[in-house]
1. From the list Tyr145, Tyr187, which one is in contact with a helix residue (DSSP H, G or I) (Cβ under 9 Å, 6 or more places away or on another chain) and either at positive phi or of a type in the set (Phe, Trp, Tyr) (or both)?
2. Being modelled with pLDDT of 85 or more, under 30 Å from Phe136 (Cβ atoms) and surrounded by fewer than 14 Cβ atoms within 10 Å (Cβ to Cβ) is true for just one of Gln152, Gln163. Which residue is that?
3. Looking at (1) of a type in the set (Phe, Trp, Tyr); (2) open to solvent by less than 80 Å² (accessible area, probe 1.4 Å); (3) more than 60 Å from the chain's Cα centre (by Cα), can you tell me which one Tyr139 breaks?
4. Got at least one residue in region 379-400 being surrounded by fewer than 17 Cβ atoms within 10 Å (Cβ to Cβ), of a type in the set (Val, Ile, Thr) and within 29 Å of Arg478 (Cα to Cα)?
5. Residue pairs, Cβ under 8 Å, 6 or more apart or interchain, first in region 405-416 and over 7 Å from Ser448 (Cα atoms), second polar (S, T, N, Q) and assigned to a helix (DSSP H, G or I). List them.
6. Suppose we filter Ser530, Ser547 for residues that are modelled with pLDDT of 75 or more and closer than 21 Å to Ile435 by Cα; which single one remains?
7. Test each condition in (1) surrounded by fewer than 10 Cβ atoms within 10 Å (Cβ to Cβ); (2) at pLDDT below 70; (3) not aromatic (Phe, Trp, Tyr) for Glu89 and report the one that comes out false.
8. Criterion first (surrounded by fewer than 16 Cβ atoms within 10 Å (Cβ to Cβ), under 28 Å from Val342 (Cα atoms) and either at pLDDT 90 or above or among the aliphatic types (A, V, I, L, M) (or both)) does Leu452 satisfy it?
Amino acid sequence: MKIISKETINSTETKHSKRRDKPRETSATKSKNPAKKVIKTQMKQVITEKSIKPPVQPSIVTTPPKVQKKPKLTKDEVTKKRIAHIEAERDKRKAGQSYFSVSYDRFVSLIRFNITFKLTIGYAIRLVFLIAFLFFFVYISFSYYLFYDAQQTIKEDIRYIGQVMSQEQNYQADIITDYLDFHTLSYYVYDSQHIQIFSNTDDPVNFDTAMQISEYNLRDFPNFPTLFETDSILLEDGTMYYIALKSNMQEQTNNIEATFPIGFVLCFVLILSSIRSASKMAKKHLKPIVTMTDQVKDMSANNLSTRLNVSGTKDELKDLALTFNQMLTDIQKSYEREKQFVSDASHELRTPIAVIKGYAGMLNRWGKDDPAILEESIQAILGETDNMHSLVESLLFIARNDKGTLKMDTTKFSFSDLVTEIVKETRLIDTQHQIIDTLETDIFIHGSADKLKQAFRIFIDNSIKYTPDSGEIKITLRRSEKHSIIVLSDNGIGISKEDLPNIFDRFYRADKSRTKMRENQHGGTGLGLSIAKIIIEQHGGTIHVASELNEGTTFTIFLPILDEPVTDILEEEPLKELQDDEFGKTS
């Protein structure tokens, strides 16, 4: 079924309407134009083919995908957002911040510029407010000083005029007129009825107005109020006069208006110079941060030895650099330790895999027909498989401890019985050495008997492995006030002072004379002492080692009795006991 679009229907209707408007052709005309009829037929077919579209499946949407707009927040959501914002600002104000401080902090947080620019802008804004305050304070103080000085001056003037008037007995004396003209003062004389009888200006002043006290008003700044000063004079003939002086304070106003632009320009220059100084100061103090940033950018996993420069004065940036350097040192040690751990683990696994691969190849070639080669290959593969299993178990144990998921089932048990059992098993396994034990009874501790047995077996196996035949291995167990002390000593080949601090490191081995003392003895994986140390530390204990080359080694283990915490492992009492011990001293 074909579907005709709406546009096609409209176009078809338009064509039919046009066709109806045209005059119909007669049969004679049609017969005269056969070529035209053929062309029309072909055009109809083309129009029909273009207008008819293939069927469209209703489930298929042919419209282009619209860009999804973010959903608009509802009125409730907008209200909640505003309330949360208002509450946050209210909390800041309760903490002691003003509205302007909160607004300023919010404005600065939106500006994503460098710290130097932010410090400079913040310093400039505060400085502008400070200088503006000082500027207006100085000018207001200066204007008040001018007003006060004018008051004192006009009081002296009226006192002088009163003296002259008393001497001359005339309020229109020439000396008074000249004095008033020189000082540009207005002069008024009133009789006893408070009626003005004389004035040197054309501007009359009411007596009550002249008697008002002039006060300085800050709202009139930079203008000054009109200043009046009055006095009464009694002449010799008994006539009473009231005189008043008026100053329009024009001179003081001119002083303010003349000095105000100068002060404004000076303040502006001071602000600009201070901003420049602040920018330089900020760059100077933040220069170590730029240097630290450049140094950190140069650091990588292959270049962890680089450290930040901590030379200079002692300040917070130096403390930050020291802290960062210490963190880098710890990261470098951890990275190198993990790198060495992976390398050693790969090396340890490579040997048994190579052996298994070699024997498997030998089995493939000759083992099918030779029973001896078959048996040898099977035994070798089983032995290397056991070694790989032991190595993987050791790695998993250490990994669980590093991850913090190592768990031990702890109970209260007799530590004396556990050590006695270890001594008996050692004598059954090893008949080539003298096992000497001195064990104190009735010592109880809280811990995992299986794990502690594993740890002590590691120490004893090391003594057996590195002690010549007929050598002595001494096991001593005793107790102090808070600790149970077990001492394992031998008279074997010992450990050098250079190797002694590293014997508990993973995969660490001493020289070949120690690791391969005998050709028929395996040197181990180098994880035993690491595992033993983890077990002892998990029980809250510590290990002390003393060793001399060709003289022997002494391991001293301190374990807390029951649940008592280890407050001070290096107590004077156990150390004194160890120093008096016949098997050696601890370090």
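The values are calculated or read from the model by the stated rules, or taken from the named source; none is laboratory data. The model shown is predicted, which means the values in this text are computed figures rather than measured ones. A quick note on method: Cβ atoms are made from the backbone with ideal geometry, for glycine too, and the neighbour counts reach across all protein chains shown. Just the protein is used for accessible areas: all its heavy atoms, side chains included, with ligands, DNA and RNA removed. Shrake-Rupley method; radii C 1.70, N 1.55, O 1.52, S 1.80 Å.
1. Exactly one of Tyr145, Tyr187 is in contact with a helix residue (DSSP H, G or I) (Cβ under 9 Å, 6 or more places away or on another chain) and either at positive phi or of a type in the set (Phe, Trp, Tyr) (or both), namely Tyr187.
2. None of the other options fit; the residue is Gln152.
3. Unmet for Tyr139, out of (1) of a type in the set (Phe, Trp, Tyr); (2) open to solvent by less than 80 Å² (accessible area, probe 1.4 Å); (3) more than 60 Å from the chain's Cα centre (by Cα): (3).
4. No: region 379-400 contains no residue that is surrounded by fewer than 17 Cβ atoms within 10 Å (Cβ to Cβ), of a type in the set (Val, Ile, Thr) and within 29 Å of Arg478 (Cα to Cα).
5. Pairs found: Leu406/Gln538.
6. After ruling out the rest, the residue left standing is Ser547.
7. (1)
8. no
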